[in-house]
Ligand SMILES: Cc1cc2nc3c(=O)[nH]c(=O)nc-3n(C[C@H](O)[C@H](O)[C@H](O)COP(=O)(O)O)c2cc1C
């Protein structure tokens, strides 16, 4: 069992399906993220894809795209069939530095297949999942969880975390909302503090960080080892640079709207090197225009854009206005 790699920053980019594509990850990495994680991937789709790819002597990394510059890079898996889990983990192991396991996704199509957040109330199955993963691969295995399923059992994370530590999981990220909560209300950071007091392995605090000040508050109030940022980094990869500066010097350089939109062109240039869906690229463009006055018209144009060239010229018009 190898150990966790060294992280260049205490701020990580969260896995976000449809958002944390290889271009956004690379950009966040360049801007100072200590770790980036792939969008979650089904163990069954990995196995099916590998069969298909093998016929053409291609490798799974053509399905889960990434670049070397993202390292250290974590791949996130979901799915609870133990045989498939072992097989999928072995397939991805050579390409990634960390194998992360998803036990937080609240989407019904995931929880209904006994995966994601639904597993929080299945401690026996979870124990077998951790054993299977840790025994199947030599790379470090980490875990991302929510607090519980409903508010009545919002402390389920404690049992799961204890089992995880006992079975050799090397780091736990807690997004302290319940599955039922989805993204509503607030993340209850006091639960991150409780987790940090409970386990000896590193704890990553996650939830509602949108600025360097808030990141620092999370470190101070929970004593977590690392923070993970999701929505706050959408259209704002610069946040990692700002957090690093703020944690080091107590100040940071604010970015103008023009700079923010400008970074989108960097995103676009990287994105064209990968097979990212155009609808996802448009979604990124929307995020990069957050904060623009009267953005409704611009958003309408983005939605109607037909190709990258179109989108680029729409964004350039917006950029020129600042
Ligand atoms: C669009 C979107 C997609 C997400 N996809 C994933 C995912 O694939 N795996 C995962 O563990 N969490 C996923 N999450 C949850 C985030 O990783 C994170 O835990 C959550 O957004 C809370 O952090 P934040 O407040 O910084 O956004 C997703 C969140 C969003 C908004």
Worksheet item: To one decimal place, what orientation-averaged projected area in nm² is obtained for the convex hull of the Cα set of the stretch 257-320?
Response: 3.8
Response to the item:
In degrees, nearest 10, the alpha-carbon axis of helix 239-249 is tilted away from the dominant principal axis of the alpha carbons of the chain by 80
Worksheet, complete the sentence: GNM on the chain, Cα springs under 10 Å; top mean-square fluctuation among 78, 63, 264 goes to 63
Worksheet item: Using just the C-alpha positions of the chain as equal point scatterers, what log10 of I(q)/I(0) does the Debye formula give at each q in 0.13 1/Å?
Response: -0.97
Discussion item. With a 10 Å cut-off between alpha carbons and a GNM built on the chain, which of 226, 267, 186 moves the most?
Written reply: 186
Response to the item:
In terms of the alpha carbon gyration tensor, root eigenvalues a ≥ b ≥ c, rounded if a/c is under 1.5 and otherwise prolate when a/b exceeds b/c or oblate, the stretch 1-94 is prolate
Item to complete: Determine the calculated [θ] at 222 nm for the chain from helices alone, applying -39500 (n - 2.57) to every DSSP H run no shorter than 4 residues and normalising by the residue count; nearest 500 deg cm²/dmol.
Response: -13500 deg cm²/dmol
Response to the item:
Computed from every Cα-Cα pair in the stretch 1-48, P(r) in 5 Å bins starting at 0 and rounded to whole percents is 5, 20, 23, 19, 18, 11, 3, 0
Worksheet item: Quick one: length gained pulling residue 304 to residue 65 fully straight, 0.36 nm per residue minus the C-alpha distance?
Response: 83.4 nm
Practice prompt. Run a plain Debye calculation on the stretch 74-164 (Cα atoms as equal point scatterers, no solvent) and give log10 I(q)/I(0) at q = 0.13, 0.14, 0.18, 0.21 Å⁻¹, rounded to two decimals, same order as the q list.
Written response: -0.38, -0.45, -0.73, -0.98
Worksheet entry | Label-to-label distance, nm, for residues given as residue 162 and residue 57 (7 Å Cα→Cβ offset) | 5.3
Item to complete: Among DSSP beta bridges whose residues both lie in the chain, state the antiparallel percentage, nearest 5.
Response: 0
Worksheet item: By how many nm would the segment from residue 313 to residue 290 grow when fully extended, if each residue of separation counts as 0.36 nm and the alpha-carbon distance is taken off?
Response: 6.5 nm
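Since every read-out is calculated from the coordinates, none of them should be taken as a lab result. No experiment lies behind these values; they were computed from the predicted model shown. In this analysis, Cβ positions are derived from the backbone assuming ideal geometry, glycine residues included, and neighbour counts consider all displayed protein chains.
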